[in-house]
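Undergrad: Please see the structure below; I have some questions.
The values are calculated or read from the model by the stated rules, or taken from the named source; none is laboratory data. Everything quoted here is computed from the prediction, not taken from an experiment. Neighbour counts run over all protein chains shown; Cβ positions are idealised from the backbone, glycine included. In case anyone asks, the SASA skips ligands and DNA or RNA and just uses the protein heavy atoms, side chains included. Shrake-Rupley method; radii C 1.70, N 1.55, O 1.52, S 1.80 Å.
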Amino acid sequence: MSSMKAVTVLGSTGSVGTNTLAVIDSERDKFSVFALVANQNITLLAEQCARFKPRYVVVREESFVPDLIRKLNDHLVQTEILSGIEGIHFVT
């Protein structure tokens, strides 16, 4: 019997990140998403947060945070938002 693994996905909105999330989605009994990290595709990032409900989400620039807050509120997601290199260091 294996325990569930919590995963941080760096570059979650890119091709490797979206494919990683597809695998996680198909193996929900084995993996959960602890954090998502993305550059600037805030719309897709908010959708990923709605689907996977990570504890943290990190965006590159603090200037993206207000838009992300609005989009997460639209999806009724209560994920903690971090930004910049400090946020990335926190979740990795």
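Undergrad: How many residues are open to solvent by 10 Å² or more (accessible area, probe 1.4 Å) and either within 17 Å of Val91 (Cβ to Cβ) or of a type outside the set (A, V, I, L, M) (or both) if we restrict to region 39-64?
TA: Result for region 39-64: 16.
Undergrad: Still on this structure, I have one more. Quick one: is Thr43 in contact with a Pro (Cβ under 6 Å, 6 or more places away or on another chain) and among the hydroxyl-bearing types (Ser, Thr, Tyr)?
TA: Judged against the criteria, Thr43 is not a match.
Undergrad: Also, I was wondering about something else. Taking interchain pairs and intrachain pairs at least six residues apart, which have beta carbon atoms under 6 angstrom, with the first residue in region 50-70 and touching a residue at least 24 places away in the same chain (Cβ under 8 Å) and the second in a strand (DSSP E or B) and open to solvent by 90 Å² or more (accessible area, probe 1.4 Å)?
TA: Pairs found: Tyr56/Glu80.
Undergrad: Keeping to region 1-21, report how many residues are open to solvent by 60 Å² or more (accessible area, probe 1.4 Å) and either closer than 20 Å to Gly87 by Cα or part of a helix (DSSP H, G or I) (or both).
TA: 5
Undergrad: From the set of residues in region 72-86 that are among the charged types (D, E, K, R) and under 19 Å from Phe34 (Cα atoms), which is most open to solvent (accessible area, probe 1.4 Å)?
TA: Glu86
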